[in-house]
Amino acid sequence: MLSITDLSADLPRHLEPALSRLLSDRIQDARACGLGDMTHIIVVEPGDGEGDFIREAAFSPFRNSLSETRFGDQGFEPPWCWHDRLEEWGWEAIHTVGNDGFAFIILMPDAKGIDQALLAMLQEFPPCS
C-alpha cells in the first residue's frame, strides 16, 4: 500500500507513468482547493487487505462504522461517499471524515492480486458518475 500524507513531497520514482500522472493530478486538485493538508492518498497494491487499510488509515472499507455492518451483510454501504471507474487504470474512491474537509483518496488499479472482495464491492455498488 502506498500511503501519501505529505502532498508537497516528491512522488516515489518507481511509479508507472499512468499512476504518476494520476497522483500528480489528484495532488494538484487537492492543493488548488486548499485541502493539501487534509488529504491522505492511498494506492492499493496487490496483496493489500483489510489490515493494511486499518494500519494506514484507521478504517476498513469492508465495515460500515455507523451501522457496524460488513460487506455482504444486508444494509451494508461502503464507507466512501463517492467512487468511479477510471479509464485505463482502475477505481477511485473518496472517503471523507468529519466536516472539516479531511478526505482519503483511494486508488485501486485493475491488477492481478488486488483484493477480490474490494473489487466486488466497487462493482456491486454503482459508480457515482
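ASP48 falls short on exactly one of the conditions (1) outside any helix (DSSP H, G or I); (2) out of contact with any helix residue (DSSP H, G or I) (no Cβ under 7 Å at 6 or more places or on another chain); (3) surrounded by fewer than 17 Cβ atoms within 10 Å (Cβ to Cβ); (4) not hydroxyl-bearing (Ser, Thr, Tyr), and that condition is (3). When SER3 is tested against (1) touching a strand residue (DSSP E or B) at 6+ places or on another chain (Cβ under 8 Å); (2) without any contact (Cβ under 8 Å) to a residue 40 or more places away in the chain; (3) among the hydroxyl-bearing types (Ser, Thr, Tyr), just one condition goes unmet, and that condition is (2).
For PHE62, the criteria (1) touching a Lys or Arg at 6+ places or on another chain (Cβ under 8 Å); (2) within 23 Å of ASP10 (Cβ to Cβ); (3) of a type outside the set (Lys, Arg) hold in every case but one, which is (2). Taken together, ALA57, ALA30 contain a single residue that is modelled with pLDDT of 95 or more, small (Gly, Ala, Ser) and surrounded by 14 or more Cβ atoms within 10 Å (Cβ to Cβ), which is ALA30. Only a single criterion out of (1) more than 20 Å from LEU22 (Cα to Cα); (2) surrounded by fewer than 12 Cβ atoms within 10 Å (Cβ to Cβ) is not satisfied by GLU88, namely (1). In region 84-98, the residues that are within 20 Å of ALA58 (Cβ to Cβ) and among the β-branched types (Val, Ile, Thr) reach residues that are in a strand (DSSP E or B) and at pLDDT 85 or above with C-beta atoms within less than 6 angstrom, at least six apart or across chains, in these pairs: ILE94/TRP82; ILE94/ALA103; ILE94/ILE105; THR96/ALA103. Given the criteria part of a loop (DSSP other than H, G, I, E, B) and in contact (Cβ under 8 Å) with a residue 40 or more places away in the chain, does GLU56 qualify? Spelling it out, it is not the case that GLU56 is part of a loop (DSSP other than H, G, I, E, B) and in contact (Cβ under 8 Å) with a residue 40 or more places away in the chain. Determine, yes or no, whether GLY36 is touching a helix residue (DSSP H, G or I) at 6+ places or on another chain (Cβ under 6 Å) and at pLDDT below 90. Answer is no for this residue.
Here is a check on your reading of the model: is PHE102 over 17 Å from SER3 (Cβ atoms), surrounded by 14 or more Cβ atoms within 10 Å (Cβ to Cβ) and more than 12 Å from the chain's Cα centre (by Cα)?
No: the conditions fail for PHE102.
Please state which of the following conditions ILE94 fails to meet, knowing it meets all the rest: (1) of a type outside the set (S, T, N, Q); (2) at pLDDT below 90; (3) under 14 Å from the mean Cα position of the chain (by Cα). Of everything listed in (1) of a type outside the set (S, T, N, Q); (2) at pLDDT below 90; (3) under 14 Å from the mean Cα position of the chain (by Cα), ILE94 misses just condition (2).
What tally of residues in region 22-36 results from selecting those that are basic (Lys, Arg) and either farther than 17 Å from LEU107 by Cα or over 16 Å from the mean Cα position of the chain (by Cα) (or both)? The number of residues fulfilling the criteria is 1. One residue alone among ARG63, ARG13 is loosely packed, with under 12 Cβ neighbours inside 10 Å and either among the charged types (D, E, K, R) or touching a Pro at 6+ places or on another chain (Cβ under 9 Å) (or both), and that residue is ARG13.
The values are calculated or read from the model by the stated rules, or taken from the named source; none is laboratory data. Treat the numbers as computed from the prediction; the structure is a model and nothing was measured. All Cβ positions, even for glycine, are placed from backbone atoms using ideal geometry, and neighbour counts span all protein chains on display.
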